[in-house]
1. Which number in (1) hydroxyl-bearing (Ser, Thr, Tyr); (2) in a strand (DSSP E or B); (3) farther than 29 Å from residue 98 by Cα marks the one condition that residue 206 misses?
2. Might you check whether a residue that is out of contact with any Pro (no Cβ under 8 Å at 6 or more places or on another chain) and assigned to a strand (DSSP E or B) occurs anywhere in the range 145-152?
3. Output the number of residues of the range 54-89 satisfying the condition of being part of a loop (DSSP other than H, G, I, E, B) and within 25 Å of residue 172 (Cα to Cα).
4. Among the listed residues 90, 110, which satisfies the condition of being touching a strand residue (DSSP E or B) at 6+ places or on another chain (Cβ under 6 Å), modelled with pLDDT of 95 or more, buried (at least 19 other Cβ atoms within 10 Å of the Cβ) and over 26 Å from residue 204 (Cα atoms)?
5. Here are some conditions: (1) without any contact (Cβ under 8 Å) to a residue 12 or more places away in the chain; (2) in a strand (DSSP E or B). Residue 375 meets all but one. Which one does it not meet?
6. Six or more apart or on different chains, Cβ under 9 Å: which pairs go from a residue in the range 146-160 that's in the same structural domain as residue 113 (by TED's automatic domain parsing) and under 12 Å from residue 172 (Cβ atoms) to one that's assigned to a loop (DSSP other than H, G, I, E, B) and at pLDDT 95 or above? Could you list them?
7. Consider residue 131 carefully, then state whether it is of a type in the set (Val, Ile, Thr), within 27 Å of residue 55 (Cβ to Cβ) and free of Cβ contacts under 8 Å to residues at least 40 places away in the same chain.
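The values are calculated or read from the model by the stated rules, or taken from the named source; none is laboratory data. Just so you know, these numbers come straight off a predicted model, no measurement behind them. Heads up, the Cβs are rebuilt from the backbone with ideal geometry, glycines too, and the neighbour counts pull from every protein chain shown.
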Amino acid sequence: MKRVFSIAIILILFLSACGKKEDTTGTSQEQSQTGIAQTSASDNTVLNPYIAQETEGTVEVIYRNKDPKYTHEMDGFKIAVDEYEIVKVTGMNENSKILFDDQTNGYIITSKVTIENGTNKQLYYSNYHRIQLSNELDFIQSDWKNFVAEDQRINTIKQNKDDFTLFEPKEKVSGFITFALTDYEFEKLKNTSPKYIIEGGLADNSQSENSNLQKSPVFDFLITAPAQPVPEPAKPEVPADQPIFHQDKLLTENWASKKMIFEKANINKTKAMGTVKVTLDSVQYTEVIPTAGNESMFSAFGGGVAALTVKLKIDNQSAAPISLGNLGTSLDVDETRATYFTQGVVEPSEPSEIAAGQQGEKLHVFLFKKDEFDLYKKFTLNFGPINGQGDVAVFNLPR
């Protein structure tokens with residue numbers, strides 16, 4: 001008997017099945033790093049000496065990452081974190097302790113950021129970064145002003161002084177942003193798998209109309225130097241600034257991390273749907289590992305969760321936009337064994353549509369109970385229909 005699976009996630013992820021059994025859903029995302037240059041408390045240099053001046057406290061360097069490789073590029077506009085430093089401050093003054101729940105001790109993280117507008121037009125960007133803790137609602141927001149000297153404040157040292165979001169053509173500027181953490185928040189940072197995210201929001205107008213909301217890949221945020229691993233046989237090198245996994249919300253919201261089971265890139269199989277061309281670019285089969293504090297979201301999966309993330313490229317040569325939010329894409333397993341539907345809640349929200357004459361990408365995510373996934377042999381993707389009309393594009397997926 002064929003089973004049909006449809007999954008919804010509200011506060012937890014759960015699966016409802018039409019058939020003999022139930023299935024469920026999960027979430028995940030991450031970026032690993034190699035070849036990182038670090039310093040620790042034994043290094044006497046201080047990235048941001050202004051902290052001691054403003055707080056009038058004692059500053060101790062906890063950790064410094066001189067080459068984090070956190071970068072984000074949107075339409076020729078690039079943001080890079082050149083380095084960051086974590087310091088502990090004790091005995092701070094009355095004015096400073098307001099930002100630390102009225103405590104005189106706390107932690108401050110300083111990121112050195114370079115912003116480069118590589119285009120020939122004015123662009124608007126607010127330069128927000130965040131350090132994410134247990135989930136997308138639990139994070140520390142960046143601050144452009146507090147604990148930053150005037151000659152390091154990007155919003156005021158850039159060319160345009162009237163609009164702190166406006167960057168001139170070909171402008172390049174570097175400066176600091178900071179994050180203030182209480183002792184409690186820093187302890188929480190140590191006990192989660194924190195992530196560093198550079199926010200999107202790039203626009204070519206001051207009203208932020210049609211802005212590019214795509215945020216950066218989700219980067220591992222290190223707070224201590226990683227232990228040196230036992231040498232292993234040489235493996236093909238993955239550039240440290242490139243995400244290994246497709247950036248679905250399982251990763252970007254830090255609900256889970258992933259372990260690769262199998263991937264196939266550069267598939268490049270194209271199907272025509274009228275004047276729209278859909279290309280199967282790549283597939284990733286992964287094991288989903290919930291992050292600390294998010295285990296209950298995956299409780300309905302029992303012994304484990306597996307995910308299939310499919311990347312498709314869409315060339316819209318029609319006369320109308322294509323909505324990516326109401327696709328009816330499904331996945332047939334072993335011909336007639338079961339059917340799964342996409343989990344939109346863990347798929348990227350942007351882009352929400354592809355304009356007429358434009359190209360774009362879509363990530364589809366399917367979630368499985370791990371023990372059942374291990375039994376499956378064949379996956380057939382039925383993409384579409386588009387805008388609720390027409391046929392579907394059928395792809396046999398590598399497994």
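1. The one condition residue 206 does not meet is (2).
2. Step one: of the range 145-152, the residues out of contact with any Pro (no Cβ under 8 Å at 6 or more places or on another chain) are 145-152.
Adding the requirement that they be assigned to a strand (DSSP E or B) leaves none.
Looking through the range 145-152, none of the residues is out of contact with any Pro (no Cβ under 8 Å at 6 or more places or on another chain) and assigned to a strand (DSSP E or B).
3. Taking the range 54-89 and keeping what is part of a loop (DSSP other than H, G, I, E, B), we get 56-57, 66-69, 75-76.
Next, only the ones that are within 25 Å of residue 172 (Cα to Cα) stay: 66-69, 75-76.
Going through the range 54-89 one residue at a time, the tally reaches 6.
4. Numbers: 90 fails: buried (at least 19 other Cβ atoms within 10 Å of the Cβ).
Of 90, 110, the one residue that is touching a strand residue (DSSP E or B) at 6+ places or on another chain (Cβ under 6 Å), modelled with pLDDT of 95 or more, buried (at least 19 other Cβ atoms within 10 Å of the Cβ) and over 26 Å from residue 204 (Cα atoms) is 110.
5. It is condition (2) that residue 375 fails.
6. 154/127; 154/144; 154/148; 158/168; 158/171; 159/168; 159/171
7. Values: of a type in the set (Val, Ile, Thr): yes; within 27 Å of residue 55 (Cβ to Cβ): yes; free of Cβ contacts under 8 Å to residues at least 40 places away in the same chain: no.
So residue 131 does not fit the description; no.
A quick yes/no check of all residues on (1) touching a His at 6+ places or on another chain (Cβ under 7 Å); (2) at positive phi:
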| site | (1), (2) |
| --- | --- |
| 322 | no, no |
| 333 | no, no |
| 347 | yes, no |
| 357 | no, yes |
| 379 | no, no |
| 385 | no, no |
| 388 | no, yes |
| 394 | no, no |
